[in-house]
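A.B. asks: Next up is a structure, given as C-alpha cells.
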Amino acid sequence: MKIIQEASLKQYNTFGLEAKAKYFIEVKTEEELINALRNNEEELLVLGGGSNILLTKNFDGLVLKNSIDGIEITGESDNDIVVKVGAGVVWHDFVLHAINNNWGGIENLSLIPGTVGAAPMQNIGAYGVELKEVFELLDALHIETLRKKAFTKDECQFGYRESIFKHLAKGQYVITSVTFRLTKRNHRLNTSYGAITEVLKQNGIENPTIKDISNAVIQIRESKLPNPKEIGNAGSFFKNPTIDKLDYEMLKLEYPDMPGYIVSENEVKVPAGWLIEQCGWKGKKRGEIGVHKNQALVLVNYGGGDGNEIKQLAIDIRESVIAKFGIHLMPEVNFI
C-alpha cells in the first residue's frame, strides 16, 4: 500500500471533477483494508467506482479506494449458483462474467457504472430489476471495531435506491464482498420494462437469451446516456419520485401526457426525466456543465466544470419541478 498526499481525485469520479484528497490509499485485500483503517485518524471517504458522487470541494482526510477483487462460487444446486464477488470488481464486468457463464438474474442491470461493493448501498436497479432480487448477503468491516459482519437481505433494509448503508449504518462499514444467487437454467427473463421488447423485435429476436437481453439493455443505455469517459456524468442524478395516486390523477388532468407506473394501490412512480424535460432543462448548458441533450435525468460536465456549479444546477432543477408540478425530486448522487 502506498499513501499519496494531496492526491488528485479527477480520475476517481465519473463526473471528472478536479478535487484533491489530503491522503489517498488504494486497498486490494481485506488485510490491506484493515491495516489502512487501523492506522487512520483522519476523516474517511470510501470510493468504489466514483460513479455516484459529486465532489464540491477538496477532501480534508483519507480517501480509501476499495479495489478488493475476486469472483468465487460458494454454492450450487440444479437451478441456482451462489457467487461471492469482491467489492472492488467493476459491476458491468461481473454482469458480463455472469452472462458468459449463463448465470441469469442481472442481465437487465448491464452497463450500470460503479463497483459491486457500491451496488447494494443504493440497491441499484434498471429495466424492471433491482439488485435485492438476486442478493444473498454481503460482508462488511466495521470501521471503528474492525470486526466483520455479514448482512442478510432483511438486515440491509433495501428500498427504492435505498439501504441501511445510506441511513442507520451510513459511514460505519466498508463493504468487502457481496454474494448473489443467480439462476443456471429456467431463467426468469424480464423484457416488459422500457424499450427492451421493441429493441429485441428490431433485432429479429423472438426467443431471447440472457445475453440478448443484456445486449438490448446496452443498446438502449448507449443511445440515451453519455459515456462518462467522453462526457463527465454520474448517470441518473435524481430518483424517480413516487407520489400519491390521487395527486397523480389531478396532475394527469392538467398534463395528459404525464407517464406513470403504478407502485401500489395508492402510489404512482413518475419519471423524473420527464418532469425535468417539461420544465425546459433538457439540453441546457451553463458554461462547461449542463443537462444532457438526450436524457434530462443526466447532468453533465463537458470539461472544466465545477462541482458547486453542478450542485446549483441541481437545486435550480428541483425548484422548477416543485414550482410546476409540486413534486420534490431527491438526488441519487451523494454530495461530498
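The values are calculated or read from the model by the stated rules, or taken from the named source; none is laboratory data. Not measured: the values here are computed from a predicted model. Every residue, glycine as well, gets a Cβ built from its backbone with ideal geometry; the counts of neighbours run over all protein chains shown.
A.B. asks: Just a yes or no: is a residue in the stretch 193-208 of a type outside the set (Asp, Glu) and either farther than 18 Å from GLU107 by Cα or not assigned by TED's automatic domain parsing to the domain that holds LEU109 (or both)?
C.D. replies: Yes: one or more hits.
A.B. asks: Take the residues in the stretch 144-162 that are touching a Ser or Thr at 6+ places or on another chain (Cβ under 8 Å) and surrounded by fewer than 18 Cβ atoms within 10 Å (Cβ to Cβ); name whichever of them is nearest to VAL199 (Cα to Cα).
C.D. replies: TYR160
A.B. asks: Tell me, please, whether a residue that is crowded, with 21+ Cβ neighbours inside 10 Å, at negative phi and touching a His at 6+ places or on another chain (Cβ under 9 Å) can be found in the stretch 4-17.
C.D. replies: Checked the stretch 4-17: no residue is crowded, with 21+ Cβ neighbours inside 10 Å, at negative phi and touching a His at 6+ places or on another chain (Cβ under 9 Å).
A.B. asks: Could you tell me whether the stretch 192-213 includes any residue that is assigned to a helix (DSSP H, G or I), of a type outside the set (Val, Ile, Thr) and within 18 Å of the chain's Cα centre (by Cα)?
C.D. replies: no
A.B. asks: Still on this model: Mind checking whether some residue in the stretch 49-66 is surrounded by 16 or more Cβ atoms within 10 Å (Cβ to Cβ), in a loop (DSSP other than H, G, I, E, B), small (Gly, Ala, Ser) and on the phi > 0 side of the Ramachandran plot?
C.D. replies: Scanning the stretch 49-66, I find at least one residue that is surrounded by 16 or more Cβ atoms within 10 Å (Cβ to Cβ), in a loop (DSSP other than H, G, I, E, B), small (Gly, Ala, Ser) and on the phi > 0 side of the Ramachandran plot, so the answer is yes.
A.B. asks: Of a type in the set (Phe, Trp, Tyr), touching a Leu at 6+ places or on another chain (Cβ under 6 Å) and surrounded by 18 or more Cβ atoms within 10 Å (Cβ to Cβ): does that describe PHE180?
C.D. replies: No, not satisfied.
A.B. asks: Between PRO259, PRO226, which is in a loop (DSSP other than H, G, I, E, B) and surrounded by 15 or more Cβ atoms within 10 Å (Cβ to Cβ)?
C.D. replies: On inspection, the qualifying residue turns out to be PRO226.
A.B. asks: Quick check: is even one residue across the stretch 120-143 buried (at least 20 other Cβ atoms within 10 Å of the Cβ), among the aliphatic types (A, V, I, L, M), touching a residue at least 40 places away in the same chain (Cβ under 8 Å) and assigned to a helix (DSSP H, G or I)?
C.D. replies: Yes: one or more hits.
A.B. asks: Which residues, taken from the stretch 77-111, are under 18 Å from GLY159 (Cα atoms) and part of a loop (DSSP other than H, G, I, E, B)?
C.D. replies: Within the stretch 77-111, just ILE106 meets the criteria.
A.B. asks: A further question on this structure: Taking the stretch 243-288, which residues are hydroxyl-bearing (Ser, Thr, Tyr) and within 27 Å of the chain's Cα centre (by Cα)? Explain how you work it out, then say what you get.
C.D. replies: Here is the first cut: in the stretch 243-288, the ones hydroxyl-bearing (Ser, Thr, Tyr) are 248, 255, 261, 264.
Matches in the stretch 243-288: TYR248, TYR261, SER264.
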